[in-house]
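The values are calculated or read from the model by the stated rules, or taken from the named source; none is laboratory data. Only a predicted model underlies this, so the values are computations on that prediction, with no experimental measurement involved. For neighbour counting, all protein chains shown are included, and Cβ atoms are generated from backbone atoms with ideal geometry for every residue, glycine included. Just so you know, the surface numbers come from the protein's heavy atoms only, side chains and all, with ligands and any DNA or RNA stripped out. Shrake-Rupley method; radii C 1.70, N 1.55, O 1.52, S 1.80 Å.
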Amino acid sequence: MITHTRKRRIRLYKDRLNILLDLAQTINEDHNIEDLLSEFEILLREELDVGKILVYTNTEGVWSNLLNSGVTPEEVAGIDVERDLTVFKGIENITLSPPENLKGFDAIIPLFHRFKAIGYVLIGDVEEEQQGISPTIKHLKLIQIISNLIIVFIENKRMHAELLEQQVMKKELELASRIQNQLIPGPADLPQHRKLAIHTLYHPHYGVGGDYYDFVKLSRNTIGFCVADVSGKGISAALLMSNFQAVIRSAFTSRVKMKKLIHQLNKRVNESANSEKFITIFIGKYNILTRRLSYVNAGHLPPLLFEPQKGHLISLDKGCIGLGMLDTIPVIETGRVTVSRGSKLLAFTDGLVELERGDEITSGLNAVEKIISNSQSIDTNIEEIRKFISKHVERQSIFDDISVVGMGFY
């Protein structure tokens, strides 16, 4: 014979099962987070007679108030999650002796996902003088199950949204990378001349970057070239550099003087970057007949010019400050060099020689100087540079974009 108490217990179990089934159906229907929280609030307040609900969740290390119902702004303002809630590792009934900042609540339910606290639910009764067992205590275990389902669903929803956002960003980066690679001269775009050998390397750290090199045929016997680096990394640096390339292509002509060119470029960088970024650049003109190289180094790492016959390694450092650092560049010095037969020039951005080792930044400049300071051909030197880069990529010591231009003079 089924007793009255047993009937009530069976009915209670059925009610709880129906609540869980309804909740599972709501989750499966893939409602948005706002609708699901609304269902959660209605369920606790109307089905389980819970008077006060306060829900906190953690996203990327930051705690935020996801839901509050029946709770005054003063009560919410008085709670600090790190201080007041993270000490609780399991369900806690605080009806009899609540902490000072948690008065008015009857229970705390920590929520865990993969052994990590992702949320806290505080519940309480509005009517303090009611008779019998408090609903918040009577349904505590059920509320914990429901809360876990809701919060884990929200966490999964957030992670899924982040994954979709990352996929979109990845596609945008891939597109930006393809566009930028079209702007960077490839082997077929490099000047061809029997008295000049040119080899290049381009290694963006994030798929797209702020490094840039280019070659411009200024006349039948004169070639213009440059290596540049935007401060910063990523898409914003790449956008500025793409704009800068168009400026150089229009301003760099056979007739323009180097000082005037630098002033023009500085003005355009200031207009584009709004003082938020600057560009370092080495830019030069080389006349194949006279073997004269004129250049300006605007805050860039000095390229290396090696003369095998004399065994000289020269740093091309004459110039000025970087572009975009000041509205007007006060002093510009143009460097001029007569390049002897058999010489080699190596120009590069700082990503090649600034290497990360633990918490320190070390210099790889000596290794690069050793690679260029020999009688080997420039293409052999560039291949050694390529191996140098690969080695340090494997060691994860490279943290910036890298561009390298090698020129052999015959």
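Show me the strands (runs of 3 or more DSSP E) found entirely inside region 255-310 where at least 2 residues are of a type outside the set (S, T, N, Q), in contact with a Cys (Cβ under 6 Å, 6 or more places away or on another chain) and without any contact (Cβ under 8 Å) to a residue 24 or more places away in the chain.
Of the strands (runs of 3 or more DSSP E) lying wholly inside region 255-310, none has at least 2 residues that are of a type outside the set (S, T, N, Q), in contact with a Cys (Cβ under 6 Å, 6 or more places away or on another chain) and without any contact (Cβ under 8 Å) to a residue 24 or more places away in the chain.
Of all residues in region 39-86 being assigned to a loop (DSSP other than H, G, I, E, B) and among the small types (Gly, Ala, Ser), which is farthest from SER147 (Cα to Cα)?
Taking the candidates together, the pick is GLY78.
If I go through region 185-231 residue by residue, how many of them are surrounded by 18 or more Cβ atoms within 10 Å (Cβ to Cβ), among the small types (Gly, Ala, Ser) and within 19 Å of ALA251 (Cα to Cα)?
Residues flagged as surrounded by 18 or more Cβ atoms within 10 Å (Cβ to Cβ), among the small types (Gly, Ala, Ser) and within 19 Å of ALA251 (Cα to Cα) within region 185-231 amount to 2.
Let me confirm something: among VAL71, VAL87, which residue is aliphatic (A, V, I, L, M), at pLDDT 85 or above and open to solvent by 60 Å² or more (accessible area, probe 1.4 Å)?
Residue meeting the stated conditions: VAL87.
Where residues in region 330-349 are among the polar types (S, T, N, Q) and under 20 Å from GLY224 (Cβ atoms), which of them is surrounded by the most Cβ atoms within 10 Å (Cβ to Cβ)?
THR349
Tell me, which residue of region 255-310 that is basic (Lys, Arg) and within 16 Å of SER340 (Cα to Cα) is surrounded by the fewest Cβ atoms within 10 Å (Cβ to Cβ)?
LYS310
Please go through region 350-363 and pick out each residue that is among the hydroxyl-bearing types (Ser, Thr, Tyr) and open to solvent by 70 Å² or more (accessible area, probe 1.4 Å).
Scanning region 350-363 gives a single hit, SER363.
Out of all the residues in region 313-329, which are surrounded by fewer than 18 Cβ atoms within 10 Å (Cβ to Cβ) and either within 35 Å of the chain's Cα centre (by Cα) or acidic (Asp, Glu) (or both)?
Hits for region 313-329 are SER315, ASP317, LYS318, ILE321, LEU326, ASP327, THR328.
Taking SER219 as the residue in question, decide whether it is farther than 16 Å from ARG336 by Cα, more than 32 Å from the chain's Cα centre (by Cα) and in contact (Cβ under 8 Å) with a residue 24 or more places away in the chain.
yes
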